[in-house]
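Let me begin by presenting the structure, written as structure tokens, before commenting on it.
The values are calculated or read from the model by the stated rules, or taken from the named source; none is laboratory data. Since we're looking at a predicted model, the values are computed, not measured. Here the Cβ positions follow ideal geometry from the backbone for every residue, glycine too, while neighbour counts run over all protein chains shown. Areas reflect the complete protein model, heavy atoms only, side chains present, ligands, DNA and RNA absent. Shrake-Rupley method; radii C 1.70, N 1.55, O 1.52, S 1.80 Å.
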Amino acid sequence: MEQQIELNEHNKQEYPPMHTTEHILNQTMVRMFGCERSKNAHIERKKSKCDYLLAVPPTDEEIAEIERRVNEVIESNADVYVRYVSKEEAASLVDLSKLPSDASDTVRLVYVGDYDICACIGAHVNNTSEIEGKFEITSHDYDNGRWRMRFKLK
Ligand SMILES: [Zn+2]
């Protein structure tokens with residue numbers, strides 16, 4: 001068996017559809033705002049929360065666009081799959097800054113179709129068609145550079 005790497009970001013017990021949605025959301029935020037993936041996320045079956053560091057809060061139009069893009073990826077029936085790669089290859093594909101320095105030389109990469117790649121040990125769906133409901137941002141607030149958003153699959 002490949003050795004797996006502990007990452008702080010993810011908890012193995014997370015509900016796979018919500019957690020997979022978190023991957024899609026993170027990539028959407030990176031693409032739209034050039035920010036980092038959420039380093040402070042709380043993912044649960046019914047509702048989840050992610051924080052992003054942004055210089056200004058997203059507009060209503062941008063929030064609607066985040067929802068539209070995340071739902072577009074979910075509805076594209078993208079395969080979610082794992083590849084184990086060397087740390088060197090992983091470093092060329094994803095941000096490994098959160099990896100502990102004593103981590104093994106093999107990194108578990110999780111792909112959401114051709115949309116997202118992330119080093120993660122969590123549990124995911126096998127295809128985004130298993131994510132039931134529509135992604136919806138239910139509330140959000142902005143404080144001192146931190147945009148906190150809560151979302152559901154409704
Ligand atoms: Zn994950």
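Does the stretch 11-33 include one or more residues that are among the acidic types (Asp, Glu), within 14 Å of the chain's Cα centre (by Cα), surrounded by 14 or more Cβ atoms within 10 Å (Cβ to Cβ) and not in a strand (DSSP E or B)? Yes - at least one qualifying residue is present in the stretch 11-33. Among the candidates Arg45, Arg68, Arg31, the residue that is of a type in the set (Lys, Arg) and either within 12 Å of the ligand (Cβ to nearest atom) or modelled with pLDDT under 95 (or both) is uniquely Arg45.
Of the residues making up the stretch 36-53, those that are more than 20 Å from Glu72 (Cβ to Cβ) and either open to solvent by 70 Å² or more (accessible area, probe 1.4 Å) or hydrophobic (A, V, I, L, M, F, W, C) (or both) are Glu36, Lys39, Asn40, Ala41, His42, Ile43, Glu44, Arg45, Lys46, Lys47, Leu53.
Tell me, please, whether a residue that is free of Cβ contacts under 8 Å to residues at least 60 places away in the same chain, over 17 Å from Asn26 (Cα atoms) and away from the ligand (no atom under 15 Å from the Cβ) can be found in the stretch 111-124. No, that holds for no residue.
Asn126 falls short on exactly one of the conditions (1) open to solvent by 50 Å² or more (accessible area, probe 1.4 Å); (2) within 20 Å of Ser38 (Cβ to Cβ), and that condition is (2).
The residues of the stretch 54-109 that are touching a residue at least 60 places away in the same chain (Cβ under 8 Å), aliphatic (A, V, I, L, M), open to solvent by less than 80 Å² (accessible area, probe 1.4 Å) and not in a helix (DSSP H, G or I), listed by number, are Leu54, Val80, Leu99, Ala103, Val107.
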